[in-house]
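In what follows, a structure is listed as structure tokens, so that the remarks can point back to it.
Any read-out appearing in this document is the output of simple, stated calculations on the displayed coordinates, not a laboratory observation. Note that the structure is a prediction, hence the values are computed from the model and not measured. Virtual Cβ from ideal backbone geometry, glycine too; neighbours counted across all protein chains shown.
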Amino acid sequence: MFVGDGIFEVREKGNYEVTFPDGNTVRIAQPATLAAVPIRGPWKVDFLERPQLGAPFSANYDTLKSWTESTNRAEKYFSGTARYTRSFALDSATLAADRRAYLDLGFVGDIATVRINGQEVGIFWKPPYLADVTRFLKPGENLLEVEVINQWVNRLVGDLKLPQAERKTYTSVLDGPPPARKDPRSPYRLADRDADKYLRASGLIGPVEIRFTQTHRLAP
């Protein structure tokens with residue numbers, strides 16, 4: 001719950017009091033907790049690979065997960081942008097004029113750009129990945145698109161495990177300089193070819209849901 005511009009928003013069932021600086025108090029009763037709408041799979045995921053690194057590819061996720069959990073090598077070591085697409089339905093009662101709607105993306109690795117029904121909601125780069133989406137939603141079918149960009153380390157780890165001729169990227173941080181010049185303070189070692197422990201959780205991991213609040217105009 002929070003207060004702003006003379007509006008009190010609450011989601012949980014309960015009795016609330018708002019006291020103003022002049023001592024006046026407004027009492028508000030919320031008879032029931034507003035249920036969230038989960039957005040589950042299947043999700044269509046388009047991995048937007050760069051031409052110099054490989055061809056774009058797609059996947060379907062029944063359940064959201066980190067790309068690093070995939071058995072598909074291209075997904076496991078992917079670094080770049082992937083677009084998640086999912087449609088969902090809302091009825092008019094859920095979108096009542098006295099409610100506000102918030103999209104909660106859950107866990108994201110690492111930066112998300114959100115669009116609903118073709119309109120950009122915003123770019124989100126740190127927790128909580130939460131956005132006011134009231135004005136973007138409509139009764140009936142809605143289209144949610146989330147583009148996620150992760151860090152470069154996963155691709156570097158994947159390339160490190162390939163023969164030299166097949167690598168598209170290189171870094172001395174993971175692979176290390178020649179042994180004679182190796183910095184003993186570095187956490188990475190040339191002999192450490194099981195570099196998967198350096199992978200970072202990536203993608204839209206969720207859970208994704210839309211939360212609703214009931215709005216009350218404060219009038220002391």
Check your understanding: Amide H to amide H, which residues 5 or more places from Val208 or on other chains are under 5 Å from it, using H placed in the peptide plane?
Key -> Ile39
Practice item. Please report Asp22, Asp98 as a ranked list, fewest other C-beta atoms within 10 angstrom at the top and most at the bottom. Key: Asp22, Asp98
**Study point:** Computed [θ] at 222 nm, helices only, for the chain once each DSSP H run of length n ≥ 4 contributes -39500 (n - 2.57)
**Key:** -1500 deg cm²/dmol
Revision key, fill the gap. Once both label points are put 7 Å beyond Cα along the C-beta direction, the Asn72-Trp152 separation in nm becomes 2.5 nm
Exercise for review: Please give every one of the lysines within straight-line cross-link reach of Lys76, meaning a C-alpha to C-alpha distance under 26 Å, and leave out same-chain neighbours fewer than 8 residues apart.
Suggested key: Lys44, Lys65, Lys126, Lys161, Lys168, Lys197
Revision key, fill the gap. If Asp104, Asp159 are placed from fewest to most neighbouring beta carbons inside 10 Å, the sequence is Asp104, Asp159
Study note, to complete from the structure: For the chain the mean separation of alpha carbon contacts under 8 Å (6+ apart) over residue count, i.e. relative contact order in percent, is 29 percent
Review point. With charges set only on the Cβ (+1 for Lys and Arg, -1 for Asp and Glu), what does the dipole of the chain come to about its Cα centre, in debye to the nearest 20?
Key: 620 debye
Exercise for review: Kindly put Leu34, Leu218, Leu160, Leu105 in sequence by how many other C-beta atoms sit within 10 Å of each C-beta, fewest to most.
Suggested key: Leu218, Leu34, Leu160, Leu105
